[in-house]
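The values are calculated or read from the model by the stated rules, or taken from the named source; none is laboratory data. A quick note: this is a predicted structure, and the numbers were derived from the prediction, not measured. Note that each Cβ is placed from the backbone with ideal geometry, even for glycine, and that neighbours are counted across all protein chains shown.
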Amino acid sequence: MLPGTASFVCLADECGALCCRAPYRVDLDEAESARLIPLAEIEEHGAVSLLAQDADGACGLLTEDLRCGEYALRPRGCAQYPYLLHFEGAAPLLMRDPACPGFVGAPLSLEEWGELLDGIWRLQGGRG
Ligand code: SF4
Ligand code: SF4
């Protein structure tokens, strides 16, 4: 994604909260597991911890009105979705999930793009 790309507007009511359902899954690190244990069912698969999904494949924290029931506490992977930083050598490339239908907003200005890159960089902890 570069400046000029359409900006993101979440269209959960139209897509049915696609990203909160299988085959997407939410992996949790230790801190995320600790803060969500009182609020959600967490599955342990060896060293991997996941937010449990219901029989229909929806995240257990997804509400009936297609919102995140713990938005302020949601895991990092959810907070940075639908963006991802991919590294080509040392250079970070801002990528988006093409499955998300929300890239329909006004084109990103250079300043907005820079702020977005910084925000995703912080969320992703500089990891590629
Ligand atoms: S982030 Fe994208 S895929 Fe997820 S609910 Fe919003 S529009 Fe749908
Ligand atoms: S934690 Fe919230 S944002 Fe993440 S998948 Fe579950 S409902 Fe969606």
Do we find that residue 40 is loosely packed, with under 12 Cβ neighbours inside 10 Å, free of Cβ contacts under 8 Å to residues at least 40 places away in the same chain and more than 16 Å from ligand 1 (Cβ to nearest atom) in this structure?
no
Among the residues in the stretch 84-93, are any outside any strand (DSSP E or B), under 23 Å from residue 14 (Cα atoms) and touching a residue at least 12 places away in the same chain (Cβ under 8 Å)?
no
Restricting attention to the stretch 97-113, which residues are touching a Pro at 6+ places or on another chain (Cβ under 9 Å) and surrounded by 13 or more Cβ atoms within 10 Å (Cβ to Cβ)?
97, 100, 102, 103, 108, 112, 113
Taking the conditions exactly as written (within 11 Å of ligand 1 (Cβ to nearest atom), within 19 Å of residue 121 (Cα to Cα) and surrounded by 16 or more Cβ atoms within 10 Å (Cβ to Cβ)), does residue 75 satisfy them or not?
no
Confirm whether residue 94 is crowded, with 16+ Cβ neighbours inside 10 Å and farther than 30 Å from residue 4 by Cβ.
no
Kindly check whether there is at least one residue in the stretch 21-28 that is farther than 21 Å from residue 124 by Cα, touching a Gly at 6+ places or on another chain (Cβ under 8 Å), at pLDDT 95 or above and within 11 Å of ligand 1 (Cβ to nearest atom).
yes
Filter the stretch 86-112 down to residues that are of a type in the set (Phe, Trp, Tyr) and modelled with pLDDT under 95, then give me how many there are.
1
Just one listed residue, out of 50, 66, is assigned to a strand (DSSP E or B), over 22 Å from residue 117 (Cα atoms) and within 18 Å of the chain's Cα centre (by Cα), and it is 50
Scan the stretch 43-65 and give yes if some residue there is within 13 Å of ligand 2 (Cβ to nearest atom), under 25 Å from residue 99 (Cα atoms), surrounded by 17 or more Cβ atoms within 10 Å (Cβ to Cβ) and of a type in the set (Val, Ile, Thr), otherwise no.
no
Picked from the stretch 1-32 (must be crowded, with 17+ Cβ neighbours inside 10 Å and more than 12 Å from ligand 2 (Cβ to nearest atom)), the residue farthest from residue 114 (Cα to Cα) is 8
